[in-house]
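As structure tokens, the structure follows; a few thoughts come after it.
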Amino acid sequence: MEKSTISGGLFSTYSIFSNAAGVAGNLCAFVLFVSPIPTFRRIIRSKSTEQFSGLPYIYALLNCLICLWYGTPIISPGIILVFTVNSVGAVFQLAYILIFIVYAERTKKLKMLGLLLGVFAAFAAVISISICLFQPPNRQTFVGYLSVLSLISMFASPLFIINLVIRTRSVEYMPFYLSLATFLMSLSFFAYGMFKQDAFIYVEVWSAYIQPFPDPTCEITIGML
């Protein structure tokens, strides 16, 4: 009985720390999701996307969709906080993309529309393939590898605008707070993945974190990175 009580207490403490790490990751991620709001206020006021790039939002949307699918019970039971954070993220990224499309020039508008349709097509293909061709646990492995690849590509997306920063000699388009929130989110979900013993979660975070980031002293708002 005493051993059972001790085991139960340890399990309860373990769950508390695990959930705390997941909730902290959700909160830090929310900071990332709302960080582009000033940029889109500017776009709406000027009725132009200026020199802002829409590609980071495309990458972010694709990553959120794949990762929310990974977090569903049908793929990975017990990591609902991965599903919640990416569901919220997908809504934000879709809203940003739609605003970008509305105010973009015709060429950019058509390009973004094509990329958005491509994201939805790719996500539909991922769902179909994972359900029809794979059974647990191979289903989780398949989606897990895809989520790792999509997260790495998303975290590398700032490279698209480095040339713009160099050319304009301005860091207007690149924020320290964004890098800080990304770092804290990475730490939180790394801990969450360790507590859940899910290699895909903490490997994703570590792989993304070692990608080449812009100078953390730069101050641009480009979306969830």
Total residues in region 99-152, condition charged (D, E, K, R) and either within 22 Å of the chain's Cα centre (by Cα) or open to solvent by 70 Å² or more (accessible area, probe 1.4 Å) (or both): 4
What are the residue pairs meeting all of these: first residue in region 4-23, first residue at pLDDT below 80, second residue surrounded by 13 or more Cβ atoms within 10 Å (Cβ to Cβ), Cβ atoms under 7 Å, and 6 or more apart or on different chains? Y14/F195
Out of region 35-56, which residues are open to solvent by 40 Å² or more (accessible area, probe 1.4 Å) and farther than 21 Å from E105 by Cβ? I37, P38
Pull out all pairs, ordered by first then second residue, where Cβ-Cβ is under 8 Å, the residues are six or more apart or on different chains, the first lies in region 187-213 and is among the aliphatic types (A, V, I, L, M), and the second is modelled with pLDDT of 55 or more and not in a helix (DSSP H, G or I). I201/I79
Let me spell it out: the conditions are (1) more than 10 Å from the chain's Cα centre (by Cα); (2) open to solvent by 60 Å² or more (accessible area, probe 1.4 Å); (3) closer than 20 Å to T182 by Cβ, and Y59 meets all of them except one. Which number is the exception? (1)
Can you tell me which residues in region 31-71 are not aromatic (F, W, Y) and not in a helix (DSSP H, G or I)? S35, P36, K47, S48, T49, E50, Q51, S53, G54, G71
Of V82, V91, which residue is closer than 30 Å to S18 by Cα and at pLDDT 95 or above? V91
Residue in region 175-192 that is farthest from I79 (Cα to Cα), counting only those that are at pLDDT below 80 and open to solvent by 70 Å² or more (accessible area, probe 1.4 Å): F176
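The values are calculated or read from the model by the stated rules, or taken from the named source; none is laboratory data. The model shown is predicted, which means the values in this text are computed figures rather than measured ones. Quick reminder, even Gly has a Cβ in these numbers, built from the backbone with ideal geometry, and neighbours come from all protein chains shown. Just the protein is used for accessible areas: all its heavy atoms, side chains included, with ligands, DNA and RNA removed. Shrake-Rupley method; radii C 1.70, N 1.55, O 1.52, S 1.80 Å.
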